[in-house]
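The structure appears right after this line, and notes come after that.
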Amino acid sequence: MENKRKIGSAYENKAADYLRQKGLTILEQNFYSRFGEIDLIAKDGRYLVFIEVKYRRNDSCGTPLEAVHAKKQKKICRAASYYCLKNGYADTTPCRFDVVAITGDRVISHLENAFEYRI
């Protein structure tokens, strides 16, 4: 398990660097709450962006994007709501849910607005 966590952290750092190069400001990495975890939280212009980072060595078990299923999306949304409440963001703050997918050594794929808010 420790090795998986190290690998995950390495790819989350890689994704954060990639997003910084695209102009996003990383606010937080590995935000934990009892509602779930959010890999990266960033600002992109007026948007508060909640980002799930998924890495797969290859596509044999499905693509990284397929791993962000409805149940995972709900957990991310609940954790995002808690983050906003805890940090004083208004209900009117525009939010976005993105996924950064990394497969093997291929180029990172950043899908903006990967899913809508789910409760």
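Rule-based calculations on the coordinates, nothing more; no lab input. Please read all numbers here as calculations on a predicted model, not as lab measurements. Virtual Cβ from ideal backbone geometry, glycine too; neighbours counted across all protein chains shown.
What to note about this one:
- Computed extension length for residue 82-residue 13: 22.5 nm, one decimal, from 0.36 nm per residue of separation with the Cα-Cα distance subtracted.
- Here the translational diffusion coefficient of the chain follows from Stokes-Einstein with Rh set to the Kirkwood radius across Cα pairs; for 4 °C and 1.567 mPa s it amounts to 89 µm²/s.
- A helix-only calculation puts the chain at -10500 deg cm²/dmol for mean residue ellipticity at 222 nm, using -39500 (n - 2.57) for each DSSP H run of at least four residues, averaged over all residues.
- Of 55, 117, the sequence from fewest to most neighbouring Cβ atoms within 10 angstrom is 117, 55.
- Label sites at residue 105 and residue 91, each approximated as a point 7 angstrom past Cα along Cα to Cβ, lie 5.1 nm apart.
- In this rough spin-label picture, where each label sits 7 Å from Cα along the Cβ direction, the residue 57-residue 34 distance is 3.7 nm.
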